[in-house]
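The values are calculated or read from the model by the stated rules, or taken from the named source; none is laboratory data. Keep in mind that what you see is a predicted model, and the values were worked out from it rather than measured. Note that we place each Cβ from the backbone using ideal geometry, even for glycine, and neighbour counts take in every protein chain shown.
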Amino acid sequence: MNELPLLERGLDEPLANLDGRTLSVGEFLGLALTLAGRLPDRRPVINLCQNRTRFSIGFAAALLSGGHNLLPANRLPATVDALLRDQPNACVLSDCAMDHIDAPVYHPSDLPACPPARSIPSIPSEQLAAVVFTSGSTGSASRIIKSWSTLYHSSRLNQRWFGAQRLLHTLATVPPQHMWGLETSVLLPWFGPMLMDDGQPFFASDIISALERLPEPRALVSAPIHLRVLDETDVPLPNLDTIYSATAPLGPEVAKRLESATSARVIEIYGCAETGCLARRRSAKKESWQLFSAFELVGGPQRFRIKAAHLPESVELMDTLRLGSEGSFELVGRSSDLINIAGKRASLAELTRILLDIPGVIDGVIFQPPERTGGRVERLAALVVAPGLEKSELHAHLAQRVDGAFLPRPLRLVEALPRAESGKLPRHALIDLFRQVAQPTSG
C-alpha cells in the first residue's frame, strides 16, 4: 500500500504554541499518537476543538487511528446532532463541555505527559482524511471529501507557492474546521517553517494583542471581515511580514492601507473547498490572479473547470473568469451573482466591494432579496455595518460609482451581519436578518 508522511518537518523544529509553551514536531506527534491510541480504530471523528493546536493534534490522531475527520460548518448542537444521526458510529473530539452529545467524547486536553515521537509516521495515501461541510454561503451546504493524498499534495503545493521560506510566527483568525483555516493554520505548518499560535481572536483589540505577543517575523492568516475591522481601528497595528486573506475578495484600497500600517505584503488566495487554494495575488498591486502552475483551466468562456494531478476529478468553478496571459485571470463575478436589471448587467460581488470601499463601512452586502415581481429583479437590497454613518451618506457614496438601476433600496444599517466563523455569509441567515429589518419604505 502506498503511504505518504504525515508531515515534512524535522522532529526538533518548533511547530505550534499550546497554552503558552512551544511544541516541537516530536512533542506534537507524541501527543497525537497518544490520543490516537485512545480513539476507536477506523472511526469518523467529529473534530470540534476550538484551540487550534488541540484541533491539529486531534486531526492527526484521527488519521493515525485509521479514521477520518468530520468538519462541520459550525459547532451548534443542532448541526452536531444532525451529523451524528448521519454518522452514528462517529465519536467527538472537543476541548469544552459537550454534555448534550449522545456519542463518545474525547478531550485532547486530558492527555498525560508523553515522550516525543522519534520518527515521522506515514498515512495510506488513499485513506479518507476529512469530510468538509461548507457553510452554504451560495445556497445549500455541501460535503467535500478529501483523501490524505489530496491534502498532502495540496499542502506541499501551498508551501511552494505561498508558504513561508523562513520561520514565521503565525496567528489565524479563521476556524480550523473551515477549508481555508485547515489548509493554512493546520496543514501548512506541517510542511513548512511556520510556528502556529493556538488562539483564534475575533475583535481588533484581541487580534492586535495576540500579534504583539508573537516574536518577529510574524504573519496573519485571516479573512476580509477581520481585516476590515483592523483597517478601521484607531490603534496602531504591529509590524507583520505577511497577511494572508481568503474567503472573499479584499478591496485594493484596504490592502494598500494594511500594507502601509503593518509593512506587510497582503497576499490574497483564491480557491474553493473542492480544489483548495489554486491562485494568488498581491492585492495592493494588481487585480489579476496568478494560477498555481499545478492547475489547469479548461473550458470557458463562461464556465471553466479546474484540473490538477492531485485532484480526483476536475471541478467546475462557480465564478466567471476573464483569462489573461501566462496563467493569469481576473474574476468577473460568481455566475449566480451576475444580474440583469432594466437591460443592464452587474455583479453583486463587485457592487458589494464598492460598498465595502466606503470609509467607515466595517461590513456589508448588496444582494438580491427573495421577493420578486414576475420572476424579475426589481430592486437590490443592502445590509450595512457602518457605525457613525447615515443611510443618506451611504447612498451618496454609492451613487458616485454605481448605476442608478443597481442602487440598493432598501438599505438598512445593522449592528452585525450573521457571518459564520469562517467569515462566510450563509444565504439563509442573510435572508432571515433582512426580513427582520426590512420595512416597506423607499430608503
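Summary table below
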item: Options L167, L157, L182; residue that is closer than 19 Å to F28 by Cα and buried (at least 21 other Cβ atoms within 10 Å of the Cβ); result: L182
item: Some residue of segment 323-333 being in a strand (DSSP E or B), of a type outside the set (A, V, I, L, M) and surrounded by fewer than 14 Cβ atoms within 10 Å (Cβ to Cβ); result: no
item: Selection count, segment 1-23, where residues are out of contact with any strand residue (DSSP E or B) (no Cβ under 9 Å at 6 or more places or on another chain), in contact (Cβ under 8 Å) with a residue 40 or more places away in the chain and at negative phi; result: 2
item: Test for R305: is it out of contact with any His (no Cβ under 6 Å at 6 or more places or on another chain) and either surrounded by 13 or more Cβ atoms within 10 Å (Cβ to Cβ) or assigned by TED's automatic domain parsing to the domain that holds L128 (or both); result: yes
item: Any hit, segment 196-217, residues being of a type in the set (F, W, Y), under 30 Å from L297 (Cα atoms) and either touching a residue at least 24 places away in the same chain (Cβ under 8 Å) or not assigned by TED's automatic domain parsing to the domain that holds F292 (or both); result: no
item: Looking only at segment 271-283, and only at residues there that are touching a strand residue (DSSP E or B) at 6+ places or on another chain (Cβ under 7 Å) and buried (at least 21 other Cβ atoms within 10 Å of the Cβ), the one that is nearest to M196 (Cα to Cα); result: C277
item: Residue that is closer than 22 Å to P249 by Cβ and outside the structural domain of I366 (by TED's automatic domain parsing), where the choices are E183, E126; result: E183
item: Strands (runs of 3 or more DSSP E) within segment 197-298 that include 1 or more residues under 22 Å from P359 (Cα atoms); result: 218-222, 242-245, 265-272, 276-282
item: Residue in segment 368-384 that is farther than 16 Å from R427 by Cβ and modelled with pLDDT of 90 or more present; result: yes
item: L389 being modelled with pLDDT of 90 or more, aliphatic (A, V, I, L, M) and surrounded by fewer than 20 Cβ atoms within 10 Å (Cβ to Cβ); result: yes
item: The one condition in (1) surrounded by 24 or more Cβ atoms within 10 Å (Cβ to Cβ); (2) out of contact with any strand residue (DSSP E or B) (no Cβ under 9 Å at 6 or more places or on another chain); (3) not aliphatic (A, V, I, L, M) that T53 fails to fulfil; result: (2)
